[in-house]
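Scroll down for the structure; my scribbles are underneath it.
Each reported figure results from applying straightforward, stated rules to the coordinates on display, with no laboratory input. These numbers come from a predicted model, not from an experiment. Here Cβ is always computed from backbone atoms with ideal geometry, including for glycine, and neighbour counts include all displayed protein chains.
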Amino acid sequence: MSTLIKNGRIVTPAETFQADLLIEKEKIVSIGDLSSVSADEVIDAAGLYVLPGGVDAHVHLDLPMAGTVSSDDHYTGTKAAAFGGTTTVIDFISQDSDDLVSLVEAMRAKADAKAAIDYSFHMNITHYNEQVDRAIPELVKRGITSLKVFTAYNHRLRLQDGEILQVLRTAKKNGLLTMMHAENGDVIDLLIQEAIRAGHLAPIWHARTRPAWGAEESVARGAALAATADAPLYIVHMNAGGEVDQLEYARSLGIAVMGETCPQYLFFTEKELERPDGAKWICSPPVRTESDQQRLWEGLEDGVIQTIATDHCPFFFDGTKPILYEGKPVQIPGKELGKDDFTKIPNGLPGIGDRMPVMWDAMVSSGRFTVNQFVELTCANPAKIFGMYPRKGCLLPGADADVVLWDPEKRVKYGTAFSQQRTDYNLYEGWELKGFPVRVISRGKTLVENGTWYGNPGEGKFVACEPFHELI
Ligand code: URP
Ligand code: ZN
Ligand code: ZN
């Protein structure tokens, strides 16, 4: 099967140019003036941008949390991703035992059968010992080349600083990139205890008990540990302006640190938590203030932050009521579990399908960023950082034919009616967006065309990531 996409505007991080693009089977085979070439299918992309499929480097599918589970699994979440123009996602493996290889096999078995787009995994390291250290090189052989550590969630996920240093060293030695969830676990635990004792149980106390200073000092601490280990570090879900300052400072010293932010931190503030439905915005780290947003935007503009991911980890707002999904009722306990106590609200937000459309509108349609910067931050950089480039994240001969046809003039009133995320709310409900994907192709197969779904569970393939080699 071959597909010729004619007359589109091809976008790379460096340039935009009018050209045709030929797909044969699952690969892009040529780009240029292909007017004399014939193909099984010819698509006229006049007036459209031709983008690489989006790469979302931070999602949580089917993740057990707080007595429930994140409401998108590896089928529904990857389907929603495709509807928004994302064709590759990277999920996390929870470290439920010290046998990391068995954990990988179990997650592969779960995801392989369901994923509708290509996917890979990061491994959480939340309990460190010699057995775990010895297993880390085995991950690389299985295509997993990134680890996540936490400075928060004491007695559950957090590692001590010395353990993080050891993980950084072993990761560096074996070609893995360490990622860090940067918050101050001790401060959070104390502030939560105090809030509970004082009867402060409303959602806003989620933000008040997780201060930005904790995130900022943790980024500085992470950079210090990375410098000590001479190892690269990637800060996930950056949310506070001071984190950008710390990252910029560390990078100016030549320390190999990079960072990611997510749309929720660019568009929302802790004021949302004071709404009657404030639980919808509960995630960790929390959404912050307008000045934090401004500094995060600057970080994207200046190249201090390299990627935009989602941290997609959805829950129903009201899990006592079913929604219809593919015509069948689905009901999963959600944010109502903490209706009287913010500490019991499952942490996380939907966003896997929203990312590309909301960011395009705010970046490209607004004129603030170029379409090339958009592609760099949402497609190319995550693929490079996580060892998938040039198979993913780019339009080049030899790359997987993950291609998105994007109509920059299409206007939509966005919300649950558009997004396919399996939950009962959308953070961007009613937003007027300009620019939308009209056709999404994954390894040569059209998954979405003008809102119709042609994908299937199990068609997504695991992407074995290369060892870390690209500091951006
Ligand atoms: O609230 C969030 N972000 N839940 C997912 C877990 C994490 O730390 O990324
Ligand atoms: Zn995290
Ligand atoms: Zn996360």
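Which listed residue (S102, T151, I136) has the Cα farthest towards the positive end of the charge dipole for the chain, taking +1 on Lys and Arg C-beta and -1 on Asp and Glu C-beta about the Cα centre?
S102
Can you work out ³J(HN,Hα) from phi for every residue in segment 254-271, in order, using Karplus 6.51 cos²θ - 1.76 cosθ + 1.60 and θ = phi - 60°, giving whole Hz and x for Gly and Pro?
Working through the residues one at a time gives x, 6, 7, 10, 9, x, 10, 10, 9, x, 4, 7, 8, 10, 10, 10, 5, 4 Hz.
Roughly speaking, what is the centre-to-centre gap between segment 162-238 and segment 433-472 when only Cα atoms are used, to the nearest Å?
31 Å
With a/c under 1.5 counting as rounded, go ahead and sort segment 102-204 into rounded, prolate or oblate using the C-alpha gyration tensor (a ≥ b ≥ c being the square roots of the eigenvalues; past the cut-off, prolate if a/b is larger than b/c, else oblate).
Details: a/c = 2.90, a/b = 1.58, b/c = 1.84.
Taking the square roots of the gyration eigenvalues as a ≥ b ≥ c, segment 102-204 is oblate.
Amide H to amide H under 5 Å from S146: which residues, 5+ apart in sequence or cross-chain, H placed 1.01 Å off N in plane?
M123, L177
Taking the Cα centre of segment 54-372 as origin, sum charge times position over the Cβ atoms of Lys and Arg (+1) and Asp and Glu (-1), and report the length of that vector in debye to the nearest 20.
Approximately 380 debye in magnitude.
How much length, in nm to one decimal, is gained on full extension between E105 and W453, taken as 0.36 nm per residue of separation minus their Cα-Cα distance?
Values: separation 348, 0.36 × 348 = 125.28 nm, distance 2.92 nm.
Full extension of this stretch gives 122.4 nm more.
For segment 413-472, what is Rg from Cα atoms divided by 2.2 N^0.38 Å, rounded to two decimals? Each step should come with its number before you reach the end.
On the way: Rg = 15.9 Å, N = 60, 2.2 N^0.38 = 10.4 Å.
After normalising by residue count via 2.2 N^0.38 Å, the value is 1.53.
Find the relative contact order for segment 381-432 and round it to a whole percent, using C-alpha pairs within less than 8 Å whose residues are 6+ positions apart. Intermediate values should be presented prior to the final figure.
Working: 41 pairs, mean separation 11.6, N = 52.
Rounded, it is 22 percent for segment 381-432.
Take L324 and K339, extend 7 Å from each Cα along the Cα→Cβ direction, and tell me the distance between the two endpoints in nm.
If labels sit at L324 and K339, their model points lie 2.5 nm apart.
Could you tell me which residue out of S291, I90, W431 lies farthest along the dipole of the chain toward its positive end? Charges go on the beta carbon: Lys and Arg +1, Asp and Glu -1, centred on the Cα centre.
I90
Taking amide H positions as placed 1.01 Å from N in the peptide plane, with prolines and chain starts having none, which residues 5 or more places from L447, or on another chain, fall under 5 Å of its amide H?
Amide H neighbours of L447: V440, I441, S442.
Checking the a/c ratio against 1.5 first, then a/b against b/c, what shape does the Cα gyration tensor give for segment 54-372? Write down the numbers at each step before the final one.
Numbers: a/c = 1.21, a/b = 1.11, b/c = 1.09.
In terms of gyration-tensor shape, rounded.
Going by average Cβ neighbours within 10 Å, how do the peptides 224-231, 365-372, 27-34 rank, with the highest at the top?
Values: 224-231: 18.2, 365-372: 14.1, 27-34: 16.4.
Result, highest mean first: 224-231, 27-34, 365-372.
Can you give the helix-only mean residue ellipticity at 222 nm for the chain, where every DSSP H stretch with n ≥ 4 adds -39500 (n - 2.57) and the sum goes over all residues, rounded to the nearest 500 deg cm²/dmol? Mind showing how you got there, number by number?
Numbers: 13 runs with 129 residues, N = 472.
Helix contribution divided over all residues of the chain: -8000 deg cm²/dmol.
Report the one residue of A383, G458, L396 whose Cα lies farthest in the direction of the positive end of the charge dipole of segment 374-472 (charges on C-beta: Lys and Arg +1, Asp and Glu -1; origin at the Cα centre).
G458
Any idea what the relative contact order of the chain is, in percent, if you count C-alpha pairs under 8 Å spaced at least 6 apart?
Working: 1164 pairs, mean separation 105.6, N = 472.
Worked out over the chain, it gives 22 percent.
Check S120: other-chain or 5+ apart residues with amide H under 5 Å from its amide H, H built from backbone geometry?
Counting only residues 5 or more places away or on other chains, the set is V89, I90, D91, V463.
Give me V101, V132 ranked fewest to most by other Cβ atoms within 10 Å of their Cβ, as a rough exposure proxy.
Working: V101 13, V132 22.
Final ranking by Cβ density, sparse to dense: V101, V132.
Output ³J(HN,Hα) for segment 174-182: one whole-Hz value per residue in order, computed from phi by the Karplus curve 6.51 cos²θ - 1.76 cosθ + 1.60 with θ = phi - 60°, and x for Gly and Pro.
Result, ordered by residue: 10, x, 10, 9, 8, 10, 10, 8, 9 Hz.
Taking the number of other C-beta atoms within 10 Å as the exposure measure, put W453, W205, W431, W406 in order starting with the fewest. Mind showing how you got there, number by number?
Values: W453 15, W205 21, W431 18, W406 26.
Going from least to most buried by this count: W453, W431, W205, W406.
Determine, for each peptide in 344-351, 320-327, the mean count of other beta carbons within 10 angstrom over its residues, then list the peptides with the highest first. Don't skip to the answer; put the middle values down first.
Details: 344-351: 23.8, 320-327: 11.6.
In descending order of packing, they fall as 344-351, 320-327.
Over the alpha carbons of segment 299-431, what is the largest minus smallest coordinate on each principal axis, giving the biggest first in Å?
Sorted from largest, the Cα extents of segment 299-431 read 49, 32, 31 Å.
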